[in-house]
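The values are calculated or read from the model by the stated rules, or taken from the named source; none is laboratory data. Keep in mind that what you see is a predicted model, and the values were worked out from it rather than measured. Cβ sites come from the backbone with ideal geometry, for glycine too, and all protein chains shown count toward neighbours.
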Amino acid sequence: MDLLGARVVGPLESHAAGYAAHLEQRGYTLATRRNWMTLVAHLSRWLAGEGLGAAGLTGQVARRYVAARAAAGYRACRSSRSLDPLLSYLRDVQAAPAEPPAAVSAGDALVERFRAYLLAERGVKPDVAEFYVVSVRPFVSTVMVGDGVDAARLSARTVTAYLSGLTRSLAPKTVQGRASALRALLRFWFLDGVADTDLSVSVPKVAHRASGLPKGLPAEQVTALLASCDTHSVNGLRDRAILTMLARMGLRAGEVAGLQLDDLDWRQGEVVVRGKGGHRDRLPLPVDVGQALVDYLEAGRPAGALDRCVFVRVKSPRRGLTSIGVTQVVNAAGHRAGLGTVYAHRLRHSAATAMLAAGAPLTEIGQVLRHRSVLTTAIYAKVDIAALRSLAMPWPQEVRR
């Protein structure tokens, strides 16, 4: 079969057309599809020479193939990762055998139970659960003996010593995150019966000096960020819509990434925001945000997107952006505008300070930002220097006698 300039013969010939259509559906360019079909043709001939069919294309066989390819002097596709898209497709259509699951240690099993608890009971997002899991895995390894947790090793002293050790090599803010993850793990272990006592209360607080005022951007810098987007390109339309949502509505990066097409209520002029802890809030959709979204959805969002996310990757596969992707959009705009590195959360601060400057009370700002505690919103009171100056006591003058 001749397909995209590649002649596919042998055991993969019957799957070549389906795989080519699969690649096209995911938005890969013609050049990329040709390169991958050339790889399929070469692999199919190699399998025929080895007396194997598609059903024999296991992970081990794939590694043998790339080793043979490298030994033959080929420069491209010399890693087993280059076969991952093809193997995934062949397994989905049940042409290649599924890879057997790797052996899971007792410690890994405990960590995965913790992940399931975070997702199902705590309602955290998958990327947050992944951060917690990665954070606690070293601690779990220190208290494991054989197939279970050693009660003698699991104590308040062990917890304190472990966290103290982190402070020698990590920044205070990083240690704070690790401490939060450790508290969640120890609370879960008590509920799950792994520990007899709730040791989460023994995790010490991590001292970290606050940076002072929330670091929002002045209005002219926010304007420069928006102006840096080339609205004649798909990238520019998407990035301007993302930046407008962040700067005008004060959303978090994860909330922008998690936005679905069904969350946009055009008739009511509202948007459903999926916040922390599984909370869903309906917010009014400002006119400029709505216009930026319409421009992107009409002329920027790819028709062949693989999910219902509003904001989709420009490069294939055309899946929804992650929170890291949203942060990278803001960072790139900051460098284009000559502002250097800018993180997405600074635009949340910018939205709050802009509302404060316009005379909005802190209670309304807290409602827009969806803070669960008024104390969280109170940090923005420090931004209003003029109002704070009027409250300051005059400096005592020296009394001369």
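Per-structure values
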| quantity | calculated |
| --- | --- |
| Condition broken by residue 277, with the remaining ones in (1) at pLDDT below 95; (2) surrounded by 13 or more Cβ atoms within 10 Å (Cβ to Cβ); (3) of a type in the set (Gly, Ala, Ser); (4) in a helix (DSSP H, G or I) satisfied | (2) |
| Per-region count, region 153-187, residues touching a Phe, Trp or Tyr at 6+ places or on another chain (Cβ under 9 Å) and not in a helix (DSSP H, G or I) | 1 |
| Among the residues listed as 124, 134, 145, the single one being modelled with pLDDT of 85 or more and out of contact with any Cys (no Cβ under 9 Å at 6 or more places or on another chain) | 134 |
| Lone qualifier among 267, 248 - being without any contact (Cβ under 8 Å) to a residue 12 or more places away in the chain and either closer than 30 Å to residue 177 by Cα or not polar (S, T, N, Q) (or both) | 267 |
| Selection count, region 41-92, where residues are under 29 Å from the mean Cα position of the chain (by Cα) and either within 19 Å of residue 18 (Cα to Cα) or surrounded by 17 or more Cβ atoms within 10 Å (Cβ to Cβ) (or both) | 12 |
| Residue in region 233-244 that is under 30 Å from residue 151 (Cα atoms), surrounded by fewer than 17 Cβ atoms within 10 Å (Cβ to Cβ) and in contact (Cβ under 8 Å) with a residue 12 or more places away in the chain present | no |
| Top-ranked residue of region 60-111 - restricted to ones that are in a loop (DSSP other than H, G, I, E, B) and charged (D, E, K, R), ranked as nearest to residue 44 (Cα to Cα) | 78 |
| Single residue of region 11-40 satisfying the filter (modelled with pLDDT under 90 and not in a helix (DSSP H, G or I)) that is surrounded by the fewest Cβ atoms within 10 Å (Cβ to Cβ) | 29 |
| Test: residue in region 187-199 that is surrounded by fewer than 17 Cβ atoms within 10 Å (Cβ to Cβ) and in the same structural domain as residue 332 (by TED's automatic domain parsing) | no |
| Sole exception among (1) outside any helix (DSSP H, G or I); (2) touching a residue at least 40 places away in the same chain (Cβ under 8 Å) for residue 51, by number | (2) |
| Hits in region 154-171 - residues which are of a type outside the set (S, T, N, Q) and exposed (fewer than 12 other Cβ atoms within 10 Å of the Cβ) | 157, 161, 168, 171 |
| Residue selected from region 280-333 under the condition hydrophobic (A, V, I, L, M, F, W, C) and touching an Asp or Glu at 6+ places or on another chain (Cβ under 7 Å), by the criterion nearest to residue 222 (Cα to Cα) | 333 |
| Pairs where the first residue, in region 359-388, is modelled with pLDDT of 80 or more and the second is surrounded by fewer than 18 Cβ atoms within 10 Å (Cβ to Cβ) and charged (D, E, K, R), C-beta under 8 Å, 6+ apart | 370/281 |
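Residue by residue, here is whether (1) touching a residue at least 40 places away in the same chain (Cβ under 8 Å); (2) in contact with a Lys or Arg (Cβ under 9 Å, 6 or more places away or on another chain) holds:
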| residue | (1), (2) |
| --- | --- |
| 19 | yes, no |
| 26 | yes, yes |
| 40 | yes, no |
| 47 | no, no |
